[in-house]
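Asks: This is the structure, below, for whatever I ask next.
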Amino acid sequence: MREATQAALATSDDSETLSENVFRRIQAAIVKGEIAPGSKISEPELARIYGISRGPLREAIHRLEGQRLLVRVPHVGARVVSLNHAELIELYEIRESLEGMACRLAAERMSLADIDELRRVLDTHERDAAFQAGVGYYQQEGDFDFHYRIIQGSGNQTLVKMLCGELYQLVRMYRIQFSATPNRPHQAFAEHHRILDAIADRDGELAELLMRRHIGASKRNIERHYQGVDNNSPRGES
């Protein structure tokens, strides 16, 4: 594994620092669940796996803390974030409000070219093998992410900083975790199309309402998941 990792690092873009490369690799592993929520971060182990010194690794870890993917626990050290039920619902309440606002602004401000690009994003999602099999939704980030594009299209840099920066990878982590719920991928895709149609019609009020409903549906999906966990617990605890 170490040899493969070192080879990947060696073939990275020369303009990308070692710390940046390792940051992105650990970030992806956390967001995709390859490093499990709640896992303790061992600097010696990560330094061994990625074949780097502790200095660049600590820089990467510090940046991951800034993205709220890692948290410091007194007398323990860094752990991968693991939101409890209440914290996760609070995160989705923030999304519901702020992404609804972003969607309304996007309907007012996105150019026709940007709207066409957003349609192409959904076309890409529809062709994804996992989506066609009904086992997940397309989960690429940045410009391939429907939500990211809309937030960028809002033209509100405070919203962009919060939703595409500070909270983005944390939200992605949980979007990926719950994306494979039965029937949810195709429902979400249909909701995305209705949102896009409202943006294209320049109906900001409807676009905001549909985005809030869309994220609200995801929130209810999470609530049902936790209810199932509680019901399956011998003492009703998660």
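Asks: Taking the conditions exactly as written (over 24 Å from V171 (Cβ atoms) and open to solvent by less than 20 Å² (accessible area, probe 1.4 Å)), does A29 satisfy them or not?
Replies: In short, no.
Asks: Further, regarding this structure: Do any helices (runs of 4 or more DSSP H) entirely within the stretch 128-227 hold 1 or more residues that are under 15 Å from E99 (Cα atoms), and if so, which?
Replies: Fully inside the stretch 128-227 and qualifying: 146-153, 157-161, 168-178, 184-200.
Asks: Can you pull out every residue in the stretch 165-178 that is of a type outside the set (A, V, I, L, M) and closer than 14 Å to F146 by Cα?
Replies: Of everything in the stretch 165-178, those that are of a type outside the set (A, V, I, L, M) and closer than 14 Å to F146 by Cα turn out to be Y168, R172, R175.
Asks: Can you name the residue in the stretch 71-117 that is among the acidic types (D, E) and more than 22 Å from the chain's Cα centre (by Cα) and is also surrounded by the most Cβ atoms within 10 Å (Cβ to Cβ) among such residues?
Replies: E108
Asks: Can you name every residue in the stretch 182-202 that is at pLDDT below 90 and open to solvent by less than 40 Å² (accessible area, probe 1.4 Å)?
Replies: Residues satisfying the conditions are R184, P185, A188, F189.
Asks: Return the residues of the stretch 40-57 that are open to solvent by 30 Å² or more (accessible area, probe 1.4 Å), touching an Asp or Glu at 6+ places or on another chain (Cβ under 9 Å) and within 22 Å of S82 (Cβ to Cβ); say none if nothing qualifies.
Replies: Of everything in the stretch 40-57, nothing turns out to be open to solvent by 30 Å² or more (accessible area, probe 1.4 Å), touching an Asp or Glu at 6+ places or on another chain (Cβ under 9 Å) and within 22 Å of S82 (Cβ to Cβ).
Asks: Return the residues of the stretch 66-76 that are in a strand (DSSP E or B) and touching an Asp or Glu at 6+ places or on another chain (Cβ under 8 Å); say none if nothing qualifies.
Replies: V71, R72
Asks: Considering the stretch 150-181 alone, what residues qualify as being within 18 Å of the chain's Cα centre (by Cα) and open to solvent by 70 Å² or more (accessible area, probe 1.4 Å)?
Replies: Scanning the stretch 150-181 gives Q152, K161, E166, Q177.
The values are calculated or read from the model by the stated rules, or taken from the named source; none is laboratory data. This is a predicted model, so every value here is computed, not measured. Counting neighbours? That spans all protein chains shown, and the Cβs are built from the backbone with ideal geometry, glycine included. With ligands, DNA and RNA removed, areas are computed over all heavy atoms of the protein, side chains included. Shrake-Rupley method; radii C 1.70, N 1.55, O 1.52, S 1.80 Å.
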